[in-house]
1. State all residues of the stretch 130-142 that are under 30 Å from TYR317 (Cβ atoms), more than 10 Å from the ligand (Cβ to nearest atom) and either free of Cβ contacts under 8 Å to residues at least 24 places away in the same chain or surrounded by 17 or more Cβ atoms within 10 Å (Cβ to Cβ) (or both); if no residue qualifies, say none.
2. Quick check: anything in the stretch 248-271 closer than 15 Å to THR199 by Cβ and either part of a helix (DSSP H, G or I) or open to solvent by less than 10 Å² (accessible area, probe 1.4 Å) (or both)?
3. Would you mind telling me which numbered condition in (1) of a type in the set (A, V, I, L, M); (2) within 19 Å of GLY15 (Cα to Cα); (3) within 13 Å of the ligand (Cβ to nearest atom); (4) open to solvent by 10 Å² or more (accessible area, probe 1.4 Å) ILE180 fails?
4. Can you tell me which of (1) modelled with pLDDT of 95 or more; (2) surrounded by 14 or more Cβ atoms within 10 Å (Cβ to Cβ); (3) away from the ligand (no atom under 12 Å from the Cβ); (4) not in a helix (DSSP H, G or I) is the one CYS43 doesn't meet?
5. Looking only at the stretch 299-337, count how many residues are at pLDDT 95 or above and either surrounded by fewer than 17 Cβ atoms within 10 Å (Cβ to Cβ) or outside any helix (DSSP H, G or I) (or both).
6. Of everything in the stretch 93-124, what is closer than 16 Å to VAL48 by Cβ and in contact (Cβ under 8 Å) with a residue 60 or more places away in the chain? Give them in sequence order.
7. Which residue is farthest from the chain's Cα centre (by Cα), if the candidates are limited to the stretch 272-298 and must be open to solvent by 30 Å² or more (accessible area, probe 1.4 Å) and among the basic types (Lys, Arg)?
8. Quick test for you: out of LYS179, LYS119, pick the one residue that is out of contact with any Phe, Trp or Tyr (no Cβ under 7 Å at 6 or more places or on another chain), charged (D, E, K, R) and not in a helix (DSSP H, G or I).
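The values are calculated or read from the model by the stated rules, or taken from the named source; none is laboratory data. Since this is a predicted model, take the numbers as computed values, not measurements. Neighbour counts are summed over all protein chains in view; Cβ atoms, including those assigned to glycine, are modelled from backbone coordinates with ideal geometry. Ligands, DNA and RNA are excluded from the accessible area calculation, which covers all protein heavy atoms including side chains. Shrake-Rupley method; radii C 1.70, N 1.55, O 1.52, S 1.80 Å.
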Amino acid sequence: MENTNTEQRKTIFSGIQPSGNITIGNYLGALRNWVKLQYEYDCLYCIVDMHSITVRQNPAELRRRSLEVLALYLAVGIDPEKNIIFLQSHVPAHAELAWVLNCYTMFGELSRMTQFKDKAAKHPENVNAGLFTYPVLMAADILLYQADLVPVGQDQKQHIELTRDIAERFNGIYGETFKIPEPYIPKEGTKIMSLTEPTKKMSKSDTGGGSISMLDDRDTIVRKIKRAVTDSGSEVKYAEGKDGINNLLTIYAGFTRKTIAEAEKEFEGKGYGDFKLAVAEVVADELGRIQAEFNRRLADKEQLNAILKNGSERAAYLARKTLSKVYRKVGFYILEK
Ligand code: TYM
């Protein structure tokens with residue numbers, strides 16, 4: 001039921017980078033939960049384009065993808081009337097607060113971030129300072145809006161813990177300034193693995209057969225799932241060490257809104273082949289519906305621009321309040337009006 005009492009409503013902030021193809025991992029781990037949360041919380045859903053440039057992007061593609069992510073938000077059912085939807089680079093307070101927070105974040109803390117270590121290993125030619133301070137910009141995103149909850153997949157948990165540490169440190173020095181946010185990580189679907197290497201997470205940057213994009217067509221989905229790595233067993237059962245089958249079961253359960261146990265039961269006595277076809281079927285059906293709506297939304301540039309304009313104005317207003325407080329606290333001289 002919709003909670004209309006705004007006094008009691010908590011604030012949610014989350015975001016997705018418009019780099020690479022949005023995957024079913026992003027969908028099950030984040031996007032789909034956002035849709036549910038919009039009825040109970042005041043939500044800000046951001047497209048974090050400033051985070052994307054920590055890895056080299058093709059400018060035309062980044063621009064195109066930013067609008068595509070917006071169209072995808074709308075296509076999965078995120079309502080621009082209920083939520084504030086905006087592009088990170090349209091609200092300067094994100095970069096401004098990130099600078100201040102950089103001065104309250106330790107080199108050692110950032111060095112321990114596993115995402116930094118992974119990405120630095122993946123792009124050894126471009127281990128730039130932005131990649132290193134990436135989690136500080138993320139902390140700024142969240143803290144600017146005094147968010148209570150941050151719905152993300154498992155891989156972002158460490159960044160949210162760091163956000164809490166930074167906020168607590170700042171509050172400790174200057175008094176209550178930031179709300180301390182909690183991660184919101186649902187039980188299932190929070191770590192969808194690669195189809196080709198099921199011990200690694202499914203990633204947007206995987207352009208081979210490991211990831212299913214939200215925009216893949218039916219044939220591609222069927223082909224990728226058919227080729228998904230499984231073990232040599234034959235029982236469709238969730239078990240230690242059966243990473244490939246466990247992952248497909250998680251995907252199936254996610255798309256059918258069933259529990260893993262219900263899914264296992266359904267495939268009792270059936271082989272991997274039948275199971276894979278069924279997984280492909282439910283994924284392709286749901287993505288097909290989303291893609292039809294996505295194409296409709298993407299065609300209306302005027303509406304997309306209007307949503308971004310409105311969203312960034314509303315976000316900027318809220319962000320300014322926190323940023324002014326921070327500037328005052330750290331001792332920046334404020335001009336009288
Ligand atoms: P990003 O763009 O990598 O991913 C967006 C969301 O999808 C989740 N996710 C997954 N969930 C399950 N299985 C997977 N294989 C999988 N891959 C990704 C992520 O956990 C995330 O929730 N740093 C963030 C973006 C960000 C942000 C923020 C998030 C910037 N500022 C503030 C929350 C709050 C990121 O790179 O997500």
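1. Our first condition is that a residue be under 30 Å from TYR317 (Cβ atoms); within the stretch 130-142, this holds for 130, 133-142.
Retained after the next criterion (residues that are more than 10 Å from the ligand (Cβ to nearest atom)): 130, 133, 136.
Within the stretch 130-142, THR133, VAL136 meet the criteria.
2. So in the stretch 248-271, the residues closer than 15 Å to THR199 by Cβ come out as 248, 250.
Subset that is either part of a helix (DSSP H, G or I) or open to solvent by less than 10 Å² (accessible area, probe 1.4 Å) (or both): 248, 250.
Yes; the residues of the stretch 248-271 include at least one that is closer than 15 Å to THR199 by Cβ and either part of a helix (DSSP H, G or I) or open to solvent by less than 10 Å² (accessible area, probe 1.4 Å) (or both).
3. (3)
4. (3)
5. Going through the stretch 299-337, the residues at pLDDT 95 or above turn out to be 299-333.
Retained after the next criterion (residues that are either surrounded by fewer than 17 Cβ atoms within 10 Å (Cβ to Cβ) or outside any helix (DSSP H, G or I) (or both)): 299-303, 305-306, 309-310, 313-314, 317, 320-321, 324-325, 327-333.
Looking only at that region, the number is 23.
6. Selection gives ALA93, HIS94, GLU96, LEU97, LEU101, LYS119.
7. That would be ARG296.
8. On the way: LYS119 fails: not in a helix (DSSP H, G or I).
Just one listed residue meets the conditions, LYS179.
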